[in-house]
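The values are calculated or read from the model by the stated rules, or taken from the named source; none is laboratory data. Small disclaimer: the values here were computed from a predicted structure and weren't measured. All Cβ positions, glycine included, derive from the backbone under ideal geometry; neighbour counts span all protein chains shown. Accessible surface areas use protein heavy atoms only, side chains included; no ligands, DNA or RNA. Shrake-Rupley method; radii C 1.70, N 1.55, O 1.52, S 1.80 Å.
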Amino acid sequence: MVNITGVEPHSKAEKAGIKAGDKLLKVGNFEINDLLDYRFYTTEGDITLTLEDAEGGIRQVRIRKGQYDDPGLLFQSFLMDKQHSCRNKCVFCFIDQLPKGLRQSLYFKDDDERLSFLFGNFVTMTNLKDEDIDRIIKMRISPINVSVHTTNPELRVKMMKNPRAAETLSYLKKLTDAGITVNTQIVLCPGWNDGEELRRTLTDLCALGENLQGIAVVPIGLTDHRQGLEEMRVFTPEEAAEAIDLIEEFGDKMYRQRGERVAHPADEFFLLAGREIPAPEYYDGFTQLEDGVGLIASLEEEFGFALEDTEGHPVDRHVSIATGLAAADFLRGLCDRAEKQFPGLKVTVWPVENRLFGKHITVAGLVCGNDIIHTLSGKDIGREVLIPESMLRREGDMLLDDVTPAQIAEKLGVPVTPVPFGGQPLLDALLGE
């Protein structure tokens, strides 16, 4: 049962007399508890809704509509009920390493299978029960993104500090056997789940078959705010190279079997090891960009296409790019190519040290507004500052420290423009188009 908070004007629901304050009990014979129930059972063109009014009266309403059209009901929250929170205490959890004083929403740990399907969030499955897995299979909710970290049951319990971390590993096979596509993630921690433990995990995951779509292996991120937490450390360049070699051993094996590598190290591993980023064809169509797998190769390829499609011409423009330490040299290389093709274009790339989280956090997506202001204040930054759109929260209005692009612009005295990911958007921003 979910509360209806409004009805779209001129919708089928309004014409059927449904009002704010009614409760939706069932669609057909099926109870409605959340967004997935609602979406799944309202796909048909002819549906019957069971409703309860404010006085407790029960009635049924029949609605005829186009298949997959929404009836027009509005609910208090997007998911219709509370977001499922994480019950783990992972030794590598980034949220546990946040400094105090950030906005409250940043400290919420989600572990919600619905957000995995809708937005690509990763879940650990420790919140799920057998009936939840059965619902995923029945509704064909696919793909599902799962944070695995290790397939050693005892080690998974130790790393996640949740006794259900072991038993829920069996859900992976149940999902893939039922035809559900699964993407997996391994947060690799030196001395914990690397080396032979990583070999075991890759072996077990690759045995799941063709419905295992990908394995993204990302290095642990450590802030300067780990007081009271497990002792952890970052990878050395040599360890990063060893991890790449092991992952590529399995990637080569999978490529021979399936024509896809399946298992990939995140870009950070190549940067840590001082190795060249692989060519675009290495990344199986860039299916794991959200995990930082292939971001550099994808952007370089797209930027090259954008340069080929844009005729060179003189411009009179000086702009700056603020980015994380990890991507600065790469972006400098792209901008050099643009400057050669467009005489008069000057681009200054500013690596921003992450003072809020610490020196080990070097990715652009975790750069904060005050650190940009600190790095660029008093510098020759040109007419505009470009920042990656990934620095902003999903609503697109502020960075992690609640500073907005407009506030950065006010401090620096020039416009600050968030740039969507992609080669063409970057070139357009550089040229002011």
Every residue in segment 18-61 that is open to solvent by 90 Å² or more (accessible area, probe 1.4 Å), in a loop (DSSP other than H, G, I, E, B) and either at pLDDT below 90 or more than 19 Å from residue 131 (Cα to Cα) (or both), please.
19, 44, 55
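Yes/no per residue for (1) within 26 Å of residue 20 (Cβ to Cβ); (2) open to solvent by 80 Å² or more (accessible area, probe 1.4 Å); (3) of a type in the set (S, T, N, Q); (4) at pLDDT 65 or above:
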position	(1), (2), (3), (4)
63	yes, no, no, yes
89	no, yes, no, yes
100	no, yes, no, yes
109	no, no, no, yes
Only one of 174, 253 is open to solvent by 70 Å² or more (accessible area, probe 1.4 Å) and closer than 21 Å to residue 145 by Cα; which?
174
Identify, from the list 329, 316, 397, the residue that is touching a Ser or Thr at 6+ places or on another chain (Cβ under 7 Å), surrounded by fewer than 17 Cβ atoms within 10 Å (Cβ to Cβ) and free of Cβ contacts under 8 Å to residues at least 60 places away in the same chain.
397
Give segment 122-141 a look and list any residue that's open to solvent by 30 Å² or more (accessible area, probe 1.4 Å) and under 23 Å from residue 292 (Cβ atoms), or say none.
122
Exactly one condition in (1) in contact with a helix residue (DSSP H, G or I) (Cβ under 7 Å, 6 or more places away or on another chain); (2) closer than 16 Å to residue 419 by Cβ is false for residue 348; which is it?
(1)
Which listed residue is free of Cβ contacts under 8 Å to residues at least 12 places away in the same chain and not small (Gly, Ala, Ser), from 282, 255:
255
Filter segment 383-433 down to the residues that are within 23 Å of residue 334 (Cβ to Cβ), assigned to a loop (DSSP other than H, G, I, E, B) and more than 25 Å from the chain's Cα centre (by Cα), then identify the one that is modelled with the lowest pLDDT.
433
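How many residues does segment 213-230 hold that are farther than 17 Å from residue 100 by Cβ and either polar (S, T, N, Q) or not in a loop (DSSP other than H, G, I, E, B) (or both)?
Residues that pass the stated criteria total 7.
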Leading residue by the ranking (farthest from the chain's Cα centre (by Cα)) among those in segment 20-44 that are under 13 Å from residue 68 (Cα atoms) and without any contact (Cβ under 8 Å) to a residue 60 or more places away in the chain:
44
Only residues that are open to solvent by 20 Å² or more (accessible area, probe 1.4 Å) and either of a type in the set (Ser, Thr, Tyr) or under 23 Å from the mean Cα position of the chain (by Cα) (or both): list them for segment 152-171, please.
169, 170
